[in-house]
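First comes the structure, then the notes that go with it.
What follows draws every value from the coordinates through simple rules; no lab data is involved. If you're wondering where the values come from, they're calculated on a predicted model, not measured in any experiment. FYI the Cβ positions are ideal-geometry reconstructions off the backbone, even for glycines, and counts take in every protein chain you see.
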Amino acid sequence: MLFTPEITPNAYIPPQRRLLGPGPSDISTRVLQALAKPTIGYLDPSFVSMMEELKSLLRYAFQTRNALTFPVSGPGSAGMEMCFVNLVNHGDKVIVCRNGVFGNRMVENVERCGGEAIIVDDTWGEAVDPQKVEDAFKRHPDAKVLAFVHAETSTGALSDAHTLCKIAQSYGALTIVDAVTSLGGVPVLVDVWGADAVYSGSQKCLSCTPGLSPITFSDRAVNAIKARTQKCQSWFLDVNLLLGYWGETTRTYHHTAPTNSLYALHEALLVLQQEGLENAWARHRSNHEALKAGLAVLDISYVVDEVARLPQLNSIHIPAGLDDKQVRITLLQDHGIEIGAGLGVLAGKIWRIGLMGYSSRVENVIACLQALESVLLSQGYACKKGEAVAAAYKAYAQQAVK
Ligand SMILES: *Cc1c(COP(=O)(O)O)cnc(C)c1O
């Protein structure tokens, strides 16, 4: 007798949603259809030429001429880990900026690599303070690496990557930059910054399926990796081994590339290139401004100061008297809209409305405000029907005049 589990599965049909949380974001039909193209071998000459295009599209997205630019077969967390396991040796000092959840994960990575984390803390919801980083280097001029999160998705704060990279360079340190939420939504200028190891994620402003992590390494970083005397602690994420598949000259088996996901990433990056980075950044800003106008009418305030506010991740205070969970569940079940909850110290205190990539559209801003207003009214919140949407339309009209 064969074992028969109790649950009888049916074909899975996911519900239609608007994904307005911290990722994944909505995926266009164009990108979804790319997934359904025939699977071919990862060493097939046709696939190999697609890989070359993919690398070149990634160089455009990251604004870098770095030769070693490719997608890691794993989510953003795998990209993060690849940077740390390759660039941090036992005993290395690493200055880590921590102003949210993801900075804390960087500390975890440093410690697991046997490094010494020198932590620079900033208040959640604020940008990393460059002066504190400068002070940390003054105290630890022997630090090998500076690591920070460009766009903290847990709080909605954007840090000044250019200034932080320049500080690290003046002390001869390498930089590890988390651009998971920033890539495609706000400027990520790897070569201008002189950043050394930058990773992102496929499911945020690139609006591809989750599970891939675009990554780029400067020549300085590659030299440091090639000069390692300690073996990288991870076999799967060892850049020296992966060079054999994603490098310039050779195509040898390392692991089976996730072929169809890579078709989708190729398509998502092509969409971005066809729109143009500057237009994509402007679209994220425009929809953010309209959402902001609507939220202001609802008397809902932002967590982050205007100067450091991410247009693609709107973190807002939950007004007093409202039931956090009930509002989110009603938005999902009655309106098909997913928004994000607060994490860590901000849990229960904030909501995170993502307008990332293909989710950053006028219809989503309007639908979100309409639904939010209706749910808030049902919870007895004092606001006037229709005013938030009207304010958003007005903001769009003003942008058109400008
Ligand atoms: C989402 C996110 C990650 C992790 O990406 P996963 O794909 O979930 O592993 C890392 N850093 C930041 C800033 C993120 O927003």
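Pairing the Cα long axis of helix 324-335 with the longest principal axis of the chain, what angle in degrees results, from 0 to 90 and rounded to the nearest 10? Between helix and principal axis, roughly 80 degrees. When you restrict to C-alpha pairs under 8 Å that are six or more residues apart and normalise by the size of the stretch 29-273, the relative contact order lands at 28 percent.
Need the full-extension length gain, ARG17 to GLN326, defined as separation in residues times 0.36 nm minus the C-alpha distance. One decimal, nm.
Taking ARG17 through GLN326 to full extension adds about 109.5 nm, to one decimal.
Peptide packing for 359-366, 224-231 was compared via the average number of neighbouring C-beta atoms within 10 Å per residue; ordered from the highest value, the list is 359-366, 224-231.
A simple spin-label model places pseudo-atoms 7 Å from Cα toward Cβ; at GLN230 and SER46 they are separated by 4.5 nm. Rounded to two decimals, the Cα radius of gyration of the stretch 278-385 over 2.2 N^0.38 Å is 1.01.
The charge dipole of the stretch 276-401, taken about the Cα centre with unit charges on the Cβ atoms of Lys, Arg (+1) and Asp, Glu (-1), comes to about 60 debye, rounded to the nearest 20. Once the Cβ-Cβ distance of ARG139 and ARG112 is raised to the sixth power relative to R0 = 22 Å, the FRET efficiency obtained is 0.40. What does the convex hull of the Cα atoms come to per residue for the stretch 93-206, in Å³? Hull volume over Cα atoms, normalised by residue count, gives 88 Å³. Summarising the label geometry, the points placed 7 Å from Cα in the beta-carbon direction at ALA400 and THR250 lie 5.8 nm from one another.
Show which lysines lie in cross-link reach of LYS394 when reach means a straight Cα distance below 23 angstrom and same-chain residues fewer than eight apart are skipped. Once the sequence-local lysines are set aside, what remains near LYS394 is LYS292, LYS384, LYS385, LYS402.
The share of C-alpha pairs in the stretch 58-121 whose separation exceeds 16 Å stands at 52 percent.
The listed peptides 273-284, 179-190, ordered by packing as a protection proxy, come out as 179-190, 273-284 (highest mean of other Cβ atoms within 10 Å first).
Taking the Kirkwood radius as Rh and the Cα radius of gyration as Rg, the chain has a ratio of Rg/Rh equal to 0.99.
Restricting attention to the stretch 29-273, the count of lysine pairs at 8 or more positions apart or across chains with alpha carbons under 27 Å apart stands at 20. When shorter helices are ignored and each DSSP H run of at least 4 residues is given -39500 (n - 2.57), the per-residue value for the chain at 222 nm works out to -13500 deg cm²/dmol.
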